[in-house]
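For reference, the structure is listed below as structure tokens.
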Amino acid sequence: MAAKSKGTTKRKKDGVSGPTPGDIKAAECSADPVPVPKKGVRPKIRRLAMLTGGGDCPGLNAVLRAVTKTCIHKYGVACYGVEEGFHGLIYRRAQALRMEDVSGILTLGGTILGSSNKDNPFSHTMLINGKTQTVDLSGECVEYIRQMGWDCLVAIGGDGTLAMAAQFAKKGVPIIGVPKTIDNDLSATDYTFGFHTAVQTAVEAIDKLHTTAMSHHRVMIVEMMGRYTGHLALEAGVAGGGDIILIPEIPYDIDAVCKEVVRRSRAGKRFSIVVVAEGAKPVGGDVTVAKMIEGSHDPVRLGGIAHLLADQISRRTHLEARATVLGHLQRGGTPTAVDRILSTKYGYHAAELAVRGRFGRMVALHGNEIVDVPLEKGIQKLKQVPVDDPLIAAARAVGTCFGEPEEG
Ligand code: F6P
């Protein structure tokens, strides 16, 4: 049965200027009625909505496709997509998702729903009576979900999105989380989808930088994303044959980094590749901040360390050092086969949880198995690279330097 947007209440808040969540009409949003299968599990829900929040990454569309197809095809559950993450929940924008809407999107990067990493319904900044104020609009969002007749909301995102999802779960909203991020920094899952593609993209970039480094005898410094963790830089650095890898979990000493560059040069290696995570920091120092984004769940945007290092290395070693910041390239493009499969499994598992009424859970990968964990557990802890990670040991064994200060 399709939900009718026209029936939703239109509220007016006196003295509120600019776009007011209560004033914005729910989107024309009616999914095709779908036949309910006669056999198998009887779904406990009739309508499910999805949103993609935070930074985009490859595999989001594959999840949307898997949830929608499983819901409609297997269970006759109607599906909806909230536009631009929590922004759409605040401003009441959604669309029906039918089979044809999700057809052909498996290989498509980004998200057909749009995303936002700035909107927090629990602390939303808006103009009221000409003044910028921060208000809690979560109650209005819960009301919108009720009006739309959504029996389940699937929140697909990283720690910010999942933290807000957990807050909505506490308010009684039936929620299921799906972990996404190129950072792979969620402790409750072995891998988030999007990570594998980002590693692949970064490795291709390092491969290309190698040829210029060799031809011009330069020190090439490549800056990767990953926020406060070094999963991306470590995996891409090892796979790309980085000579020096700097990650947040192992604070570096600039003297040790320069010494290694000079040692390589004297040994006849006429170039060095330095792979640095955006969150890497010197011993006793702090991360390099590029800017602050107002209203964001995590307002700090890291960046700039590659240029800093290039400057320090060229001044100290008199070798030519150049910086390349991979930036959002790491979030773009078509998902790898690994991410397409992981996203499909996650989406399928999320739909199976939804039809059984198992809310407040997050799907996760443990070993080779897709499992589900309590939503709050999914966001409890930042997953950092353990310093005794076998990949670090293997990298050291093949001569990779992590820039640690020399002992003694
Ligand atoms: O969390 C994903 C991520 O790409 C981080 O690796 C990076 O620090 C951040 O998002 C960048 O955010 P934005 O797209 O707002 O610049």
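The values are calculated or read from the model by the stated rules, or taken from the named source; none is laboratory data. Every value quoted in this text rests on a predicted model; they were computed, and no experiment measured them. Here the Cβ positions follow ideal geometry from the backbone for every residue, glycine too, while neighbour counts run over all protein chains shown.
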Restricted to the range 156-196, and to residues that are among the β-branched types (Val, Ile, Thr) and assigned to a loop (DSSP other than H, G, I, E, B), which residue is farthest from the ligand (Cβ to nearest atom)?
173
Matching residues, the range 210-232, being more than 16 Å from the ligand (Cβ to nearest atom) and not hydrophobic (A, V, I, L, M, F, W, C)
210, 211, 212, 215, 216, 217, 218
Residue within the range 198-209 that is within 16 Å of the ligand (Cβ to nearest atom) and at positive phi present
no
Tell me, which residue of the range 104-151 that is within 16 Å of the ligand (Cβ to nearest atom) and of a type in the set (Gly, Ala, Ser) is surrounded by the most Cβ atoms within 10 Å (Cβ to Cβ)?
115
Any hit, the range 206-224, residues being within 24 Å of residue 300 (Cα to Cα), crowded, with 24+ Cβ neighbours inside 10 Å, touching a residue at least 12 places away in the same chain (Cβ under 8 Å) and touching a Lys or Arg at 6+ places or on another chain (Cβ under 9 Å):
yes
Among 270, 264, the single one that is in contact with a strand residue (DSSP E or B) (Cβ under 7 Å, 6 or more places away or on another chain) and within 20 Å of residue 399 (Cα to Cα) is 264
Tally of residues being surrounded by 15 or more Cβ atoms within 10 Å (Cβ to Cβ), in contact with a Pro (Cβ under 9 Å, 6 or more places away or on another chain) and not β-branched (Val, Ile, Thr) across the range 357-379:
7
For the range 267-313, enumerate the residues that are aliphatic (A, V, I, L, M) and without any contact (Cβ under 8 Å) to a residue 60 or more places away in the chain.
267, 274, 276, 277, 280, 287, 289, 290, 292, 300, 308
Out of the residues in the range 264-302 that are part of a strand (DSSP E or B) and more than 10 Å from the ligand (Cβ to nearest atom), state the one that is farthest from the chain's Cα centre (by Cα).
272
Could you check the range 314-346 and list, in sequence order, the residues that are touching a residue at least 60 places away in the same chain (Cβ under 8 Å), among the β-branched types (Val, Ile, Thr) and in a helix (DSSP H, G or I)?
317, 338, 344
Of everything in the range 239-255, what is crowded, with 19+ Cβ neighbours inside 10 Å and closer than 20 Å to residue 314 by Cα? Give them in sequence order.
242, 243, 244, 245, 246, 252
If we scan the range 247-259, do we find a residue that is in a loop (DSSP other than H, G, I, E, B) and over 30 Å from residue 381 (Cβ atoms)?
no
For the structure I just gave you, tell me whether residue 104 is farther than 18 Å from residue 145 by Cβ, part of a loop (DSSP other than H, G, I, E, B) and free of Cβ contacts under 8 Å to residues at least 40 places away in the same chain.
yes
Would you confirm whether any residue within the range 307-325 is within 14 Å of the ligand (Cβ to nearest atom), outside the structural domain of residue 108 (by TED's automatic domain parsing), surrounded by fewer than 22 Cβ atoms within 10 Å (Cβ to Cβ) and modelled with pLDDT of 95 or more?
yes
